[in-house]
Structures are given as structure tokens and as C-alpha cells.
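One structure is given below, encoded as C-alpha cells.
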Amino acid sequence: MATGTGRSGIDRAIERIAFWTAMAGGAVLIVVLSLTVISIIGRALIFAGLGPIPGDFELVEAGTAFAVLSFLPLCQFHRGHVTVDLFLARAGRRPNAMIDVVANLLMTGAAGVITWRLFLGLLDKRSYGETTFILQFPVWWSYTAALLGAAVFTLVCAYTVWRSLGDVREAAQR
């Protein structure tokens, strides 16, 4: 895919969505980190009348799930996932482009399954009214946040299939 001014509007829009999703995940991760540090300091100073933040592990769990799923779209967009190019390094542009199509299709399938199962989990947790043990906030809130990251991941994965198909066409013309 061309970079810079030769990029399509959809390419820039998808990258922007992935970028801001990752930024939201990063902001949540900073909050989770700060919460953890404050809670640990509170535990260490329990003799001084302080203590841990109630429900800190519930908040860390929910925030981390969102953060992890928020980073995946940007990584996928920039082809940042680990690849092993031991045999394909000398294969040429077209075979590598075709392998990318297959890999992106598989990643789209995995992202779709994750999104689908999170959605079903959200419906389940919401219908039963399940809440966290200490803070008593509805568990489905966490599922909703994670689902947002997973949905963007699925969208970006689907786009990368389309982008890699363009790379195959471009490689065939050379």
C-alpha cells in the first residue's frame, strides 16, 4: 500500500480509528497503572490508617481487558504482528502478498470470533444482572468496553484483507 499522499481516504480513516482506539487504551492503562501504584502504597501504609483501594483488582481487570483489545487494531494496521520470514524472504513479492491475504483472513476470522463471543458474553452478563464482588458495578460494562476494542480490531482486520488483495494485484502487474 502506498504511503504518504498516495494513500486512500479509507486507509487514512481506518488508521485514524485504530490510532485513537489505541490512545484510549493507553489512557486507560495509565489510569490502571496509577490505581495499582496508589493501592500498593496504601497497602504498605496500612499502619498509618491508609489501605488499598477497594475493588482495585476489579478495575484493573476491566481496564486491562479494554487496553489489550484496543492496541490490537493499530498493530494489525501497521503489520506489527510477529511473522517468521525464514522461507519466504526469497520467495518474491507475489507469493508473500498471497500469504498476507491468507494470514489477514485468518486474523479477521479470529477477531470476528472474539468479537462475537464478547457480544454473547455481554448479553449473558447483562441478562443475569451480574455485578462485581466489591464495587458492585455491572460486569457487562467491562464487556462493552472490551467489545469496542474487539469490534475495531475486526474492522481493521477486514480492511487489511482488502489492502493485501490490492498488494497481490499490484504484485501481479509487475
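Rule-based calculations on the coordinates, nothing more; no lab input. Computed from a prediction, not measured in an experiment: that's the story for all the values here. Please note: Cβ atoms are built from the backbone with ideal geometry, for glycine as well, and neighbour counts cover all protein chains shown.
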May I ask you to evaluate 6.51 cos²θ - 1.76 cosθ + 1.60, the Karplus curve with θ = phi - 60°, for each residue of the stretch 135-148 and list the ³J(HN,Hα) values in order in whole Hz, giving x for glycine and proline? 7, 6, 8, x, 5, 5, 4, 5, 5, 4, 5, 5, 4, 4
Run the quick spin-label model on Ala27 and Arg169: label points 7 Å from Cα toward the beta carbon, then report their separation in nm to one decimal. 3.7 nm
So, over other residues within a Cβ distance under 13 Å of Leu147, counting Lys, Arg +1 and Asp, Glu -1, the net charge is +2
Amide H neighbours of Thr131 under 5 Å, at least 5 residues apart or on other chains, H built in the peptide plane: list them. Val139
Over all Cα pairs of the chain, how is the pair count split among 10 Å bins, expressed in % and running from 0 up to the last occupied bin? 10, 28, 28, 18, 11, 5, 1, 0
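Could you work out the relative contact order of the stretch 7-173, using alpha carbon pairs under 8 angstrom and six or more residues apart, expressed as a whole percent?
Across the stretch 7-173, relative contact order equals 30 percent.
With only Lys, Arg, Asp and Glu charged, each at its Cβ (+1 for the first two, -1 for the last two), find how big the charge dipole of the chain is about the Cα centre; round to the nearest 20 debye.
640 debye
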Output ³J(HN,Hα) for the stretch 116-130: one whole-Hz value per residue in order, computed from phi by the Karplus curve 6.51 cos²θ - 1.76 cosθ + 1.60 with θ = phi - 60°, and x for Gly and Pro. 4, 5, 5, 5, 5, x, 4, 4, 5, 5, 6, 5, 8, x, 5
